[in-house]
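Down below is the structure, laid out as structure tokens.
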Amino acid sequence: MTAAAQRPATLEDVARIAGVSRSTASRVIAGTGFASPAARQQVTAAVDQLGYVPNPAARALVRGGGVRLVVAAQGASAAVLDDPYVHQVVGSAARVCTPAGVGVALHWLPLGDPRGLHQLAADRTVCGVILVNTTEDLLAAVPPSLRGRVVSIGVGSATVPSFDVDNAAGSDEVLRHLYAAGRRRIAMVTGPRWLPCAQRPVQTYRRLMRQAGLPEWEITGDFTAARGRVAAGEALRRWATVDAIFAISDDTALGVIAGLRDAGVQVPSDVAVAGFDDIPLAGMTAPALTTASHPVGRIAVAAATALLDGRPAARVTLFPSTLVARSSA
């Protein structure tokens, strides 16, 4: 197994594989100074073998700018590029990258089509990639040449470090809060079934409902308010005794409240509603939304910093999520 498969390759790794000195390897990579044709060929081969990429600051000095970090968001359609969550990731990454002279770009990866990863891997202006809405299939498609300069917000792998919120623990707090308030018929509006990180709250919900001997009532969602509004009506039709609805995102939860209001159902006296994310609007609605925190900005900053530093990151970095109790539940 090569060094690049375990950690980001270093200049020393390149020099060792090429059988040349560190200074010779540096001159070849930078394109400055003298190096024999044989040395250039050996260093180039070692760079390709290891997937070596100089750190962003060095690349900026050599190329005179043009270095960029790419936030690659996977989605069923280009609508993912308009997702406020994705925008927050981009903005937070830019806070880290701008002082380092590194730009930030947004790229759509169509669901089930990993070819865009190979394009990013071949693009010499790309110093790092942050994957968003990551799936196992996408992780499996990461080219070896991207290893050491790609991280994931969501699930990761042995070669792709992950940064994410502990949404299992946050969901646990929300559901226990609903139970403590006397709710016993709790429905859940989930996220997309294809997204692995969205399944952790579902697993938490199922575990707690089984432990309490309560029914498991699930409706598939997609993180949107529109789907939440429809899901509220569906829940009322399917389960007349529902007394609480937990949605995997605040946008969906706000849609649920609107849907319940459409049906003449009072929140929280008839049905309590809780979400997840603690978006700014959550505290300004009527009723204000009970939710769990999601430090998207901190997560994105940590992911971008790991790429800029060029140092091995922990395989999994989870950020805590805590209950934010308000009047909707």
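When you look at residue 135, is it among the hydroxyl-bearing types (Ser, Thr, Tyr), on the phi < 0 side of the Ramachandran plot and without any contact (Cβ under 8 Å) to a residue 12 or more places away in the chain, yes or no?
Numbers: among the hydroxyl-bearing types (Ser, Thr, Tyr): yes; on the phi < 0 side of the Ramachandran plot: yes; without any contact (Cβ under 8 Å) to a residue 12 or more places away in the chain: no.
Spelling it out, it is not the case that residue 135 is among the hydroxyl-bearing types (Ser, Thr, Tyr), on the phi < 0 side of the Ramachandran plot and without any contact (Cβ under 8 Å) to a residue 12 or more places away in the chain.
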Among what's in region 294-305 and is of a type outside the set (Val, Ile, Thr) and assigned to a helix (DSSP H, G or I), pick the residue that is surrounded by the most Cβ atoms within 10 Å (Cβ to Cβ).
303
Quick check on my filter: what residues within region 83-110 are farther than 18 Å from residue 298 by Cα and modelled with pLDDT of 95 or more?
105, 106, 107, 108, 109, 110
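With 165, 126, 160 as the choices, which residue is of a type in the set (A, V, I, L, M, F, W, C), touching a residue at least 60 places away in the same chain (Cβ under 8 Å) and touching a strand residue (DSSP E or B) at 6+ places or on another chain (Cβ under 6 Å)? Give the derivation first.
Numbers: 126 fails: touching a residue at least 60 places away in the same chain (Cβ under 8 Å); 160 fails: touching a residue at least 60 places away in the same chain (Cβ under 8 Å).
Of 165, 126, 160, the one residue that is of a type in the set (A, V, I, L, M, F, W, C), touching a residue at least 60 places away in the same chain (Cβ under 8 Å) and touching a strand residue (DSSP E or B) at 6+ places or on another chain (Cβ under 6 Å) is 165.
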Go through (1) crowded, with 24+ Cβ neighbours inside 10 Å; (2) without any contact (Cβ under 8 Å) to a residue 40 or more places away in the chain for residue 291 and report which single condition fails.
(2)
Can you name the residue in region 214-227 that is surrounded by 21 or more Cβ atoms within 10 Å (Cβ to Cβ) and touching a strand residue (DSSP E or B) at 6+ places or on another chain (Cβ under 6 Å) and is also farthest from residue 175 (Cα to Cα) among such residues?
221
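List the strands (runs of 3 or more DSSP E) inside region 177-289, counting only whole elements, that have at least 3 residues being at pLDDT 95 or above and not aromatic (Phe, Trp, Tyr).
Numbers: elements: 186-189, 217-219, 244-247, 272-274.
The strands (runs of 3 or more DSSP E) meeting that bar are 186-189, 244-247, 272-274.
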Determine the pairs where a residue that is surrounded by 18 or more Cβ atoms within 10 Å (Cβ to Cβ) and at pLDDT 85 or above, located within region 39-56, has a partner that is of a type in the set (Ser, Thr, Tyr) and part of a helix (DSSP H, G or I) with Cβ atoms under 8 Å apart, the partner being 6 or more residues away or on another chain.
43/24
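Within region 14-32, does at least one residue satisfy the condition of being within 24 Å of residue 140 (Cβ to Cβ), of a type outside the set (Gly, Ala, Ser) and either at pLDDT 95 or above or in a helix (DSSP H, G or I) (or both)?
Of region 14-32, the ones within 24 Å of residue 140 (Cβ to Cβ) are none.
No, there is no match, as no residue in region 14-32 is within 24 Å of residue 140 (Cβ to Cβ), of a type outside the set (Gly, Ala, Ser) and either at pLDDT 95 or above or in a helix (DSSP H, G or I) (or both).
The values are calculated or read from the model by the stated rules, or taken from the named source; none is laboratory data. In this text, all values refer to a predicted model and were calculated from it rather than measured experimentally. So basically every Cβ, Gly included, is an ideal-geometry build from the backbone, and we count neighbours across all protein chains shown.
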